[in-house]
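J.: First, the structure itself, so that you have it in front of you.
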Amino acid sequence: MNEQLPHMRFTPKQRLFIEAYLVHKNATKAAIAAGFSERSANNQGTRLMANDAIRAEIEARLAATFDRYAVTSDRIVRELVLIAFGNIGDFILVQDDGSLAVDFGTAAREQLASLKSVEIDERTIESAAPGVRRIKISMSDKRQALMDLAKLRRMLPADRLAHSGSIEHVVPEEHKIDIESMAPQEREQLRELLLMAPAAKAD
């Protein structure tokens with residue numbers, strides 16, 4: 001029994017959609033690239049992504065790419081750590097006159113991972129010694145890297161909420177009420193207050 005080749009399972013438009021999705025990571029853009037009109041692209045993209053065979057093919061292709069370039073969770077976290085905890089002091093040299101100069105001489109490869117860009121200005125700088133170049137360095141977004149790491153570790157309050165359809169409100173200890181120790185009259189007053197309070201609306 002001859003097995004059907006994987007690429008024969010899809011129509012020409014479906015194959016174009018798969019290729020485009022791997023580039024854009026957006027179903028609507030992929031549908032437009034596959035030849036669907038902009039007016040129908042959103043619906044067509046949703047329909048195509050609902051196709052189990054198409055979705056499985058996309059996931060398999062992405063997994064193969066990650067494997068080929070050794071994209072692992074460990075490497076991703078490591079790079080985020082290098083960016084999040086990088087320090088501009090690793091690339092600055094305090095000279096004898098107190099001025100600062102960019103110096104990569106002692107920077108390790110891991111430290112260089114925190115750099116976003118290095119710009120070298122070859123133009124002549126007035127009042128500078130001959131041959132002096134202006135070097136500008138830019139660090140990667142530390143805050144974003146820290147936030148990404150915090151999300152991965154579920155350190156943010158929103159990341160710790162249970163996705164059960166309800167949110168548990170944690171009341172500080174000093175704001176808690178010991179109902180059992182209340183007098184009957186106090187309990188009745190509390191009940192009336194609760195009945196008067198507006199009901200919380202679900203999002």
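J.: Could you name every one of the helices (runs of 4 or more DSSP H) located completely within segment 14-77 that has at least 3 residues being under 30 Å from residue 146 (Cα atoms) and not hydroxyl-bearing (Ser, Thr, Tyr)?
T.: 52-68
J.: Going by what's in this entry, would residue 62 be described as of a type outside the set (S, T, N, Q) and within 30 Å of residue 31 (Cβ to Cβ)?
T.: yes
J.: Looking at segment 8-50 only, could you name the residues that are of a type in the set (Gly, Ala, Ser) and over 16 Å from residue 61 (Cβ atoms)?
T.: Hits for segment 8-50 are 31, 35, 37, 40, 41, 45, 50.
J.: In this structure, is residue 73 loosely packed, with under 10 Cβ neighbours inside 10 Å and either aromatic (Phe, Trp, Tyr) or farther than 18 Å from residue 138 by Cβ (or both)?
T.: yes
J.: Return a yes/no flag: does segment 79-96 have any residue that is of a type outside the set (Gly, Ala, Ser), closer than 30 Å to residue 19 by Cα and modelled with pLDDT of 85 or more.
T.: Within segment 79-96, one or more residues are of a type outside the set (Gly, Ala, Ser), closer than 30 Å to residue 19 by Cα and modelled with pLDDT of 85 or more.
J.: Further question on the same structure: Would you pick out the residues in segment 101-119 that are surrounded by 10 or more Cβ atoms within 10 Å (Cβ to Cβ) and touching a strand residue (DSSP E or B) at 6+ places or on another chain (Cβ under 8 Å)?
T.: Within segment 101-119, the subset surrounded by 10 or more Cβ atoms within 10 Å (Cβ to Cβ) is 101-104, 107, 110-116, 118.
Passing the criteria: 101, 102, 103, 114, 115, 116, 118.
J.: If residue 98 passes every condition in (1) on the phi < 0 side of the Ramachandran plot; (2) not assigned by TED's automatic domain parsing to the domain that holds residue 14 but one, which one does it miss?
T.: The one condition residue 98 does not meet is (1).
The values are calculated or read from the model by the stated rules, or taken from the named source; none is laboratory data. Computed from a predicted structure; not experimentally measured. For neighbour counting, all protein chains shown are included, and Cβ atoms are generated from backbone atoms with ideal geometry for every residue, glycine included.
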